[in-house]
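Beneath this line is the structure, given in structure tokens, with notes to follow.
The values are calculated or read from the model by the stated rules, or taken from the named source; none is laboratory data. This one's a predicted model, so the numbers in the text were calculated from it and none came from an experiment. Here the Cβ is made from the backbone with ideal geometry for all residues, glycine too, and neighbour counts use every protein chain on show. These area figures cover heavy atoms from the full protein model, side chains too; ligands, DNA and RNA do not enter into them. Shrake-Rupley method; radii C 1.70, N 1.55, O 1.52, S 1.80 Å.
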Amino acid sequence: MNPSSFSKLPILLKPFLLSLFLSIFFLVFLATQSPLLRLKTAIQTTANPPSNDGAGLRIRWGYTSYNAYIERQLNKTLNPKLRKIWTTRDWDRKIKVFAYVFQSLKQRNLIFNESKALSIGARVGQEVAAMKVVGVSDAVGIDLVPCPPLVMKGDFHSQPFQNHTFDFEFSNVFDHALYPWKFVGEIERTLKPGGVCVLHVAVARQTDKFSANDLFSVQPLLELFKESELLEVRKVDAFGLDTEVVFRKKKIKDY
């Protein structure tokens, strides 16, 4: 309501409307000071790495604790219907697609038969099986739920491996990382100097309901990979993901 309209109101209505406006303002102020809102604000603020300005990478808030996040991820990984699909009708199809991906990487000299390789967030192990199909025999996967012999138990926020273990690491679950900087930090910790990391990500596209972050450009990945150089960015069509991003960890002499 503009001032001229307010002045035309009957005199008796003016105190009532003024009181109503002040009450609404006071209630809004109280709401912004509530512990719940302060907690949500803190989660949104601290969930992003210092280098990220929020424009290209958004963390989905709503997890009350890390255990709550893990429990939600397990709801998908342990779903018996999904696991049956992954190990039956999806098995050969996904191995075929991943084998094509890894064969292409071999042709570009990014992975070799003698590479020690890791698949991060490997579920039941299709990626690992595909690596072995194309000749990379020393390959293993990690996931919250193990699936022997191809996948061992491991949290990608804290990989169960020593420093400088792998020549090659692959993942298509970056969007499931609640702490993307830890996800990337663990890759760089466990990669050997000169080792290669390949990520399949969705850029500016909605991912599934179990995702913990949304990526709107490749730029945040460049900021997160502090010890690596960008080699390639390519379009792919890989189970809902549209971009392949390739990094090489810098050799010690280049640090």
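Out of the residues in the stretch 212-229 that are part of a loop (DSSP other than H, G, I, E, B) and aliphatic (A, V, I, L, M), which is farthest from Thr64 (Cα to Cα)? Can you show your working first?
Looking only at the stretch 212-229, we keep the residues that are part of a loop (DSSP other than H, G, I, E, B), and these are 212, 216-218, 225-227.
Checking the rest, the ones that are also aliphatic (A, V, I, L, M) come to 212, 218.
On the way: Ala212: 13, Val218: 28 Å.
Of everything passing the filter in the stretch 212-229, Val218 is farthest from Thr64 (Cα to Cα).
Out of everything in the stretch 77-101 that is touching a residue at least 60 places away in the same chain (Cβ under 8 Å) and farther than 17 Å from Gly240 by Cα, what residue ends up being most open to solvent (accessible area, probe 1.4 Å)? Before the answer, list the steps.
Of all residues in the stretch 77-101, those touching a residue at least 60 places away in the same chain (Cβ under 8 Å) come to 77-78, 94, 97, 101.
Restricting the remaining residues to those that are farther than 17 Å from Gly240 by Cα gives 77-78.
Values: Thr77: 16, Leu78: 95 Å².
Going through the qualifying residues, I end up with Leu78.
Can we say Ile111 is crowded, with 17+ Cβ neighbours inside 10 Å, assigned to a helix (DSSP H, G or I), at pLDDT 95 or above and of a type in the set (A, V, I, L, M, F, W, C)? Judged against the criteria, Ile111 is not a match.
To keep it simple, each residue is scored yes or no on (1) part of a strand (DSSP E or B); (2) over 29 Å from Lys96 (Cβ atoms); (3) modelled with pLDDT under 95; (4) open to solvent by less than 60 Å² (accessible area, probe 1.4 Å).
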position	(1), (2), (3), (4)
Gly185	no, yes, no, yes
Arg189	no, yes, no, no
Leu199	yes, no, no, yes
Phe210	no, no, yes, yes
Leu231	yes, no, no, no
Thr243	yes, no, no, yes
Val246	yes, no, no, yes
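For the stretch 118-133, filtered to residues that are of a type in the set (Gly, Ala, Ser) and within 20 Å of the chain's Cα centre (by Cα), the residue that is surrounded by the fewest Cβ atoms within 10 Å (Cβ to Cβ) is Gly121. Looking only at the stretch 144-183, residues that are under 11 Å from Ala122 (Cβ atoms), in contact with a Lys or Arg (Cβ under 6 Å, 6 or more places away or on another chain) and part of a strand (DSSP E or B) come to 0 in all. Filtering the stretch 88-108 to residues that are part of a loop (DSSP other than H, G, I, E, B) and either within 25 Å of the chain's Cα centre (by Cα) or under 16 Å from Gln126 (Cβ atoms) (or both) leaves Thr88, Arg89, Asp90.
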